[in-house]
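> Have a look at this one.
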Amino acid sequence: MIPATRLAWSRLDLYSGPRPDPSDRTISVTTLVGPPRVARLKSLNRASLPSQEPRYVNGKLLTPDTASLFGTALHAALEAAARLADPPPLLVEERLTASVTADGYTWTVSGQLDVLEADGTLWDWKSTSAYSVSDGRKGKSEWECQLNVLSWLLVRNGHTRPKSLAVWGFWKDWSRKIASRSENDYPEDDEGPVEVAHWSYDEQTDYVQARLSLHEAARHSLPDCTPEERWSKDAGWAVLSGPKAPRAFGVFSDEATAKRYLAEVRNGKGTIEFRPGTSNRCASFCIVSAFCDQWKKELDRR
């Protein structure tokens, strides 16, 4: 049983960005920085995309839009709070557009910023995993790209260039227990700032032009997604403290190296587990995987 209110949220249509037909050259910032193959397949198969509503399949509950629900709730709460901020922000949830010519074709780039604070900092709210800022990671690469394109759009729309760019992250799977015992970089709290490099205006322009060229090329010949775009992990041998350990001490490309690590570093204490390679985005998160021959070929090779 699924509450009617929960289903009603899935049927709400709160998106204010572009919904291009296959012939349109209108693109959101999120799509611009994302894989051109995914963007083109999504446009071509828009009428056949799988439902994102919660549902039971063979007795198992599937909830494809949970992350979207939490993200929407987060933005709505902070947008309401902005009305009480002191000093008040300069802009909140502002949608900006700009026309750009790339490879002889005119595109419309559209993006919605989260908040431009009174001190000139352009912030982006993110609800995501603590993994994004653990073990030396400083956030996802697309965060930097998204915020720089939004900064570029601000200037293109006559606004003053932001003084700085940053993400405020809410680490939804944060663990106090892991934070207290972690010897690696792990967030000390369940939310916090991530600084983002601010490119020059010319660098931002060059990036937008380059991305539009890739998306234009995808309209004529569908490119493969890169390993980075597929969130690909190679097959390997993991050394763990036990069969149910949540994290591995290390993952090695061959079994011999894993056995040597277990014997020499772990004094033989632990287990070794083979982990098959996978493309995590394709397997669990890509809305167009059912239409993707690249993903089908990868599955056929297994």
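> How big is segment 213-277 by the Kirkwood estimate over distinct Cα pairs, in Å? Write down the numbers at each step before the final one.
Values: mean 1/r = 0.0716 Å⁻¹.
It works out to 14.0 Å.
> Let's test this: bin the Cα-Cα distances of the chain at 20 Å from zero up to the farthest pair and state each bin's percent.
Taking every Cα pair in the chain, the percentages come to 25, 57, 18, 0.
> Exactly which trypsin sites (Lys or Arg not before Pro) in segment 98-151 are in a DSSP loop and have at most 14 other Cβ atoms within 10 Å?
Hits after loop and neighbour filter: Arg137.
> Please give the per residue accessible area of the chain, computed with a probe of 1.4 Å over protein heavy atoms only, in Å².
59 Å²
> Separate question: Identify all lysines with a Cα-Cα distance to Lys42 below 21 Å; exclude those on the same chain that are fewer than 8 residues away in sequence.
Cross-link targets: Lys296, Lys297.
> So for segment 94-249, what percent of the C-alpha to C-alpha distances run longer than 24 Å?
More than 24 Å apart: 49 percent of the Cα pairs in segment 94-249.
> Taking segment 1-79, how much of its Cα-Cα pair set, in percent, is spaced more than 18 angstrom apart?
55 percent
> Accessible area of the chain with a 1.4 Å probe: how many percent of it is carbon plus sulfur?
Within the chain, the accessible surface is 52 percent carbon and sulfur.
> Could you order Asp13, Asp234, Asp293 by accessible surface area, starting with the largest, using a probe radius of 1.4 Å?
Descending accessible area places them as Asp234, Asp13, Asp293.
> For each pair in Lys177/Lys244; Lys172/Lys244; Lys60/Lys140, compute the distance between the two Cα atoms and list the pairs where it is over 20 Å.
Lys172/Lys244; Lys60/Lys140, as the Cα separations exceed 20 Å there.
> For segment 1-141, what does the alpha-carbon gyration tensor say about shape, rounded, prolate or oblate, given a ≥ b ≥ c as the root eigenvalues, a/c under 1.5 as rounded, and a/b over b/c as prolate?
oblate
> Right, next: Can you tell me the mean projection area, over all orientations, of the convex hull of segment 181-302's alpha carbons? Units nm², please.
Mean orientational projected area (segment 181-302, Cα hull): 12.2 nm².
> Next question, about the same structure. When the gyration tensor of segment 181-245 is built from Cα positions, what are the square roots of 5 times its three eigenvalues, in whole Å, from largest to smallest?
The three semi-axes for segment 181-245 are 36, 24, 9 Å.
> Sum -39500 (n - 2.57) across every DSSP H segment of at least 4 residues in the chain, then divide by the residue count to get the 222 nm mean residue ellipticity, nearest 500.
After summing the helix terms and dividing by the residues of the chain, the value is -10000 deg cm²/dmol.
> To the nearest 10 Å², what's His75's accessible area with a 1.4 Å probe?
Its accessible surface works out to 50 Å², give or take rounding.
> Give me the mean projected area, in nm² to one decimal, of the convex hull enclosing the Cα positions of segment 124-177.
Seen from a random direction, the Cα hull of segment 124-177 projects 4.3 nm² on average.
> Return an integer: the convex hull volume of the alpha-carbon atoms of segment 65-105, in Å³ per residue.
106 Å³
> Whole angstrom only: what separates the Cα centroid of segment 195-224 from the Cα centroid of segment 53-99?
Answer, in whole Å: 26.
> How much of the DSSP beta bridge set in the chain is antiparallel, as a percent to the nearest 5?
Counting DSSP beta bridges with both partners in the chain, the antiparallel share is about 75 percent.
The values are calculated or read from the model by the stated rules, or taken from the named source; none is laboratory data. All values reported here derive from a predicted model rather than from experimental measurement. Ideal geometry is used to build each Cβ from the backbone, glycine not excepted, and the neighbour counts take in all protein chains shown. The protein model used for the area step is the full one, side chains on, heavy atoms only, and it has no ligands, DNA or RNA in it. Shrake-Rupley method; radii C 1.70, N 1.55, O 1.52, S 1.80 Å.
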